[in-house]
Amino acid sequence: MAEKLEPAKILYCGVCSLPAEYCEFGPDFARCKPWLLENAPDLYPDLIKEANEKAADNVSDKLQSVGISSGGADGAPSSAQTGGTSKKEEVKRLPGGKLKKKERQEVIIEKVVRNKRKCITIVKGLELFGIKLSDASKKLGKKFATGASVVKGPTEKEQIDVQGDIIYDIVEFITETWPDVPERSIFFIEDGKKVQAA
């Protein structure tokens with residue numbers, strides 16, 4: 001007689017209710033990770049390594065906050081004892097472990113043509129010099145007798161849109177109106193390349 005097959009026993013996740021093998025494709029894998037570590041550690045061996053690394057990082061962070069570090073072993077004061085800042089405070093980490101770059105202080109001016117004849121001059125980066133964009137747009141609109149407004153650009157950062165082709169006149173106006181903005185930090189975007197205005 002033929003051997004009778006038993007039905008497969010499938011382990012379902014207690015968080016997202018998907019089979020444990022498919023949790024990583026589910027809606028919120030981060031919430032499933034603790035449950036998977038407890039109930040199915042053999043399915044995701046990388047999670048165990050990740051949890052161990054996190055635990056080691058937490059321990060080193062706690063030791064640093066207490067003031068214990070390897071710098072004081074030879075009698076020399078460590079950076080925590082001298083009041084210096086550590087590299088962890090200077091560099092910000094984004095999700096996924098990527099480092100966040102500090103924004104360079106520069107003003108970028110770009111001309112966009114629409115409907116073949118109408119131009120818009122876009123000014124980005126004035127806020128990095130401590131200039132309120134709403135005040136700057138009013139001054140630009142009055143100076144060049146055009147419409148100027150503060151809008152969010154494609155990168156979700158605010159920029160000033162000025163109607164008309166004033167790309168070369170605007171550099172002189174910016175440097176005269178706001179002396180904090182040096183001319184060497186003003187750039188044009190021409191044919192997709194960043195060119196210095198000076």
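Key figures for this structure:
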{"quantity": "Condition check for Val150: of a type outside the set (S, T, N, Q) and in contact (Cβ under 8 Å) with a residue 60 or more places away in the chain", "calculated": "no"}
{"quantity": "Pairs where the first residue, in segment 168-180, is closer than 14 Å to Lys138 by Cβ and open to solvent by less than 30 Å² (accessible area, probe 1.4 Å) and the second is charged (D, E, K, R) and not in a loop (DSSP other than H, G, I, E, B), C-beta under 7 Å, 6+ apart", "calculated": "Phe173/Lys143"}
{"quantity": "Residues being of a type in the set (A, V, I, L, M), part of a loop (DSSP other than H, G, I, E, B) and at pLDDT below 50 - total across segment 74-133", "calculated": "1"}
{"quantity": "Asp42 vs. criteria open to solvent by 60 Å² or more (accessible area, probe 1.4 Å), assigned to a helix (DSSP H, G or I) and either at pLDDT 75 or above or over 18 Å from Lys9 (Cα atoms) (or both)", "calculated": "no"}
{"quantity": "Residue under evaluation Val195, criteria (1) within 14 Å of Gly125 (Cβ to Cβ); (2) loosely packed, with under 14 Cβ neighbours inside 10 Å, criterion not met", "calculated": "(1)"}
{"quantity": "Hey, Thr155 at pLDDT 90 or above, assigned to a loop (DSSP other than H, G, I, E, B) and out of contact with any Asp or Glu (no Cβ under 7 Å at 6 or more places or on another chain) or not", "calculated": "no"}
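The values are calculated or read from the model by the stated rules, or taken from the named source; none is laboratory data. None of these values were measured; they are calculated from a predicted model. So basically every Cβ, Gly included, is an ideal-geometry build from the backbone, and we count neighbours across all protein chains shown. Remember, those area values only see protein heavy atoms, side chains included, never the ligands or the DNA or RNA. Shrake-Rupley method; radii C 1.70, N 1.55, O 1.52, S 1.80 Å.
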